[in-house]
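Q: Can you read through this structure? Questions will come right after.
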Amino acid sequence: MYSGAAAAAAGPPRRDFISVTLGPEEAVGVGGYNNSKAWRRRSCWRKWKQLSRLQRSVILFLFAFLAVCGVISYTSMGEAWKGITNKSLDDQRTEQEIPGLKLANPAVLPAPKKADAIHGDYPELSLQKPPKPPHVRRGPSNLQIKAPWRDARLKTRHDTTTAVEELVEADKVEKTEKSIISWRGAVIEPDQSTEPPSSKIMEPEKPSSVEAEGQKEPVPINERQLAVIEAFRHAWKGYKDFAWGHDELKPLSKSYSEWFGLGLTLIDALDTMWILGLKEEFEEARKWVANDLVFDKNVDVNLFESTIRILGGLLSTYHLSGDSLFLEKAKDIGNRLMPAFKTPSKIPYSDVNIGRGTAHPPRWTSDSTVAEVTSIQLEFRELSRVTGDEKFQKAVDEVMKHVHTLSGKNDGLVPMFINTNSGQFTHLGVYTLGARADSYYEYLLKQWIQGGKKENELLEDYMRAIEGVKKHLLQRSEPKKLTFVGELAHGHFSAKMDHLVCFLPGTLALGAHNGLAADHMKLAETLIETCYQMYAQVETGLSPEIVHFNLHAQKGHKDVEIKPADRHNLLRPETVESLFYMYRFTGDKKYQDWGWEILQNFNRYTRVPTGGYTSINNVQNPSNPEPRDKMESFFLGETLKYMFLLFSDDIDLINLDKYVFNTEAHPLPIWVPA
């Protein structure tokens, strides 16, 4: 700092200057910062050059990634906008056809119509011309059947307005509820305990646009199917009025009989009601299952019968409805049946106390029947698949592997009994496809199909057994030369054939459909003719439980002979079952006609006016068939279900490439690769 005196002595003041040289890049107005585009480009380039090579590579990668994402998003938005536009046009067309109707989301699963869609007695049923359905794209999920959308196509005299109201209401419900139960084109609010199946097991596959475009028109219910629905509702009326919650109806005495005390008829009929579209009856039965079906009770049940009827029925209904209530009940009964497998040989006992957790053979023997221990596999394998608990499948697979290695077979044919202690066949030398052995052969094929056609041991055993049937059990009757399946006892052939054997034509046809030998279908065609003649050659048009065939022509004698002890009819399903398979795979209308004859004769000789159907003692006496006062649960679970499917021309109504029926007619999904 300078003082004032020094400043004065220095003379006049001097101005100081600082010289600053500005380069051309910084000089204003001489190429410097002026916010021009050229300046900004040069500035960005300089900054870019200052970045390291790694930094520049990362930035370039991010730009490329964003560009790819942009292209994909543009494509997706285009398809979505196209779909929205198509849907809007479809909705406009639908509103023109049905004013005021707003479609809910299309159902993935078929759902029963309201029960009052079909009113009155059978003679008054009439099929009205269905209105044109709205255009709805639909596709099957991986494990579920395609929705027939019947109530959008078929409107009987009382349900047109109701169905429209349900669809409008369903649209509101769908917006507010995450979980829905679908009822053939409408949606209803589930009970609080209802959940959709686990996504791990039941995740539906989104159908491709090709699948959606290729869908055929829905198939309406026809008059014969309506007759089956009427028959079911008549049988259900008797059960509801006189045997509700009990095992079986006694329609003549208007009471009931108990076997296990577990509502067998109700559980057996659950999936039948779903398939027939009987919404009201299904909801009513579901409430009973939710509130009254209890397995914690001190009662002995037969392992085989409870597996095919109860476990199979619950699993099937779970898959068709998506209602987890049925899966929880299936897990409960499945766990309670497991003590049956605690035997020295792993061949299960025949009886289980589901309350105490104990199991035992019959009081008179330590044997189990071969059919019973080898016809529970479809159900326990499926229970493992949907629960993730392998113990169920492991137990039943051990049985099949053990039987596969056993001696005592005759060209693939197995004896009727097996000992639970030694694990060996007993009563050797007797071979039949009737009682005590029948479903062993059926389940060999069906397990192979269920598992995706990968388990070669099952297929080998099945093919060998069919060859054994051809070699040892096939004969032809006189005078019509009907091919039938007899029995072999210690080298002696018997021309005896149980009605139960009539499962075989359908099983053979199913195998041929899945790529097995073509001559299996030819044999199926000859055998189903024989099974039909077991009805047609009888005075009531109903088959007895057992027939004997004439091997030698005798004047005045038919092919079929019936002994007094065998002339009862239990409303069995086996012939109708095979007719269903034969029609589904051949399209030959004669199989539907044969089934129609059988249904009419059931109505004529077994129908009880106050509700229900009864088995009869004498199929040879049309004037007095001697009713037995019992309606077996399988009449609703199997016979009427197969009747309904037989009369349907919709191959997607339980598609046989997606489902396999257990031996009680409960459809279970065919496994596909995960």
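Q: Name the residues in region 404-429 that are part of a loop (DSSP other than H, G, I, E, B), of a type outside the set (Gly, Ala, Ser) and farther than 23 Å from Gln447 by Cα, would you?
A: Selection gives Asn421, His427, Leu428.
Q: Can I ask one more? For region 239-255, what are the residues that are surrounded by 20 or more Cβ atoms within 10 Å (Cβ to Cβ), farther than 15 Å from Met273 by Cβ and not charged (D, E, K, R)?
A: Ala243, His246, Leu249, Pro251
Here's the yes/no breakdown for (1) over 17 Å from Ser422 (Cβ atoms); (2) hydrophobic (A, V, I, L, M, F, W, C); (3) open to solvent by less than 40 Å² (accessible area, probe 1.4 Å):
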| site | (1), (2), (3) |
| --- | --- |
| Ile347 | no, yes, yes |
| Asp351 | yes, no, yes |
| Ile354 | yes, yes, yes |
| Ser368 | no, no, yes |
| Val373 | no, yes, yes |
| Leu378 | yes, yes, yes |
| Arg381 | yes, no, yes |
| Arg385 | yes, no, no |
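Q: Among (1) in contact (Cβ under 8 Å) with a residue 40 or more places away in the chain; (2) out of contact with any Phe, Trp or Tyr (no Cβ under 8 Å at 6 or more places or on another chain); (3) assigned to a loop (DSSP other than H, G, I, E, B), which single condition is Gly556 missing?
A: Tallying (1) in contact (Cβ under 8 Å) with a residue 40 or more places away in the chain; (2) out of contact with any Phe, Trp or Tyr (no Cβ under 8 Å at 6 or more places or on another chain); (3) assigned to a loop (DSSP other than H, G, I, E, B), Gly556 fails exactly one: (1).
Q: May I pose another question? Given (1) under 30 Å from Glu561 (Cα atoms); (2) assigned to a helix (DSSP H, G or I); (3) open to solvent by 30 Å² or more (accessible area, probe 1.4 Å), where does Val469 come up short, assuming only one miss?
A: Looking at each condition in turn, Val469 falls short on (3).
Q: Right, another one. Among all residue pairs at least 6 apart or on different chains, which show Cβ distances below 8 Å where the first residue, located in region 637-651, is over 25 Å from Asp247 (Cβ atoms) and the second is aliphatic (A, V, I, L, M) and open to solvent by 10 Å² or more (accessible area, probe 1.4 Å)?
A: Note: pairs meeting the criteria are Ser648/Val219; Asp649/Val219; Asp650/Val219.
Q: For region 504-542, name all the residues that are within 30 Å of Leu458 (Cβ to Cβ), open to solvent by less than 10 Å² (accessible area, probe 1.4 Å) and in a loop (DSSP other than H, G, I, E, B).
A: Selection gives nothing.
Q: Which one of the conditions (1) outside any helix (DSSP H, G or I); (2) over 26 Å from Met643 (Cβ atoms); (3) touching a Lys or Arg at 6+ places or on another chain (Cβ under 9 Å) does Thr343 fail to meet, given that it meets all the rest?
A: Looking at each condition in turn, Thr343 falls short on (3).
Q: Among the polar types (S, T, N, Q), part of a helix (DSSP H, G or I) and either more than 15 Å from Pro669 (Cβ to Cβ) or out of contact with any His (no Cβ under 7 Å at 6 or more places or on another chain) (or both), is that true of Ser384?
A: Yes: the conditions hold for Ser384.
Let's see how each residue does on (1) of a type in the set (Asp, Glu); (2) assigned to a helix (DSSP H, G or I):
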{"position": "Asp241", "(1), (2)": "yes, yes"}
{"position": "Trp244", "(1), (2)": "no, no"}
{"position": "Gly261", "(1), (2)": "no, no"}
{"position": "Ile267", "(1), (2)": "no, yes"}
{"position": "Trp274", "(1), (2)": "no, yes"}
{"position": "Glu283", "(1), (2)": "yes, yes"}
{"position": "Arg286", "(1), (2)": "no, yes"}
{"position": "Ala290", "(1), (2)": "no, yes"}
{"position": "Asn298", "(1), (2)": "no, no"}
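Q: So which of Glu545, Glu626 ends up being of a type in the set (Asp, Glu), more than 30 Å from Asp652 (Cβ to Cβ) and open to solvent by 60 Å² or more (accessible area, probe 1.4 Å)?
A: Residue meeting the stated conditions: Glu626.
Q: Another question about this same structure. Inspect all residues belonging to region 280-293 and state whether any of them is among the aliphatic types (A, V, I, L, M) and either over 16 Å from Phe260 (Cα atoms) or open to solvent by 10 Å² or more (accessible area, probe 1.4 Å) (or both).
A: yes
Q: Moving to a separate point now. Quick one: Ile275 ticks every box in (1) within 19 Å of Phe304 (Cα to Cα); (2) touching a Lys or Arg at 6+ places or on another chain (Cβ under 8 Å) bar one, so which box is it?
A: The one condition Ile275 does not meet is (1).
Q: Can we say Glu574 is touching a Cys at 6+ places or on another chain (Cβ under 6 Å) and either crowded, with 20+ Cβ neighbours inside 10 Å or farther than 21 Å from Glu487 by Cβ (or both)?
A: For Glu574, the condition - touching a Cys at 6+ places or on another chain (Cβ under 6 Å) and either crowded, with 20+ Cβ neighbours inside 10 Å or farther than 21 Å from Glu487 by Cβ (or both) - is met.
Q: OK, next. Exactly one condition in (1) closer than 22 Å to Leu527 by Cβ; (2) open to solvent by 50 Å² or more (accessible area, probe 1.4 Å) is false for Asp649; which is it?
A: (1)
Q: Of the residues in region 603-654, how many are hydrophobic (A, V, I, L, M, F, W, C) and out of contact with any Gly (no Cβ under 8 Å at 6 or more places or on another chain)?
A: Residues that pass the stated criteria total 11.
The values are calculated or read from the model by the stated rules, or taken from the named source; none is laboratory data. The structure presented is a predicted model; accordingly, all values stated were derived computationally and were not measured. Here Cβ is always computed from backbone atoms with ideal geometry, including for glycine, and neighbour counts include all displayed protein chains. Heads up: the accessible areas ignore ligands, DNA and RNA and are worked out on the full protein's heavy atoms, side chains in. Shrake-Rupley method; radii C 1.70, N 1.55, O 1.52, S 1.80 Å.
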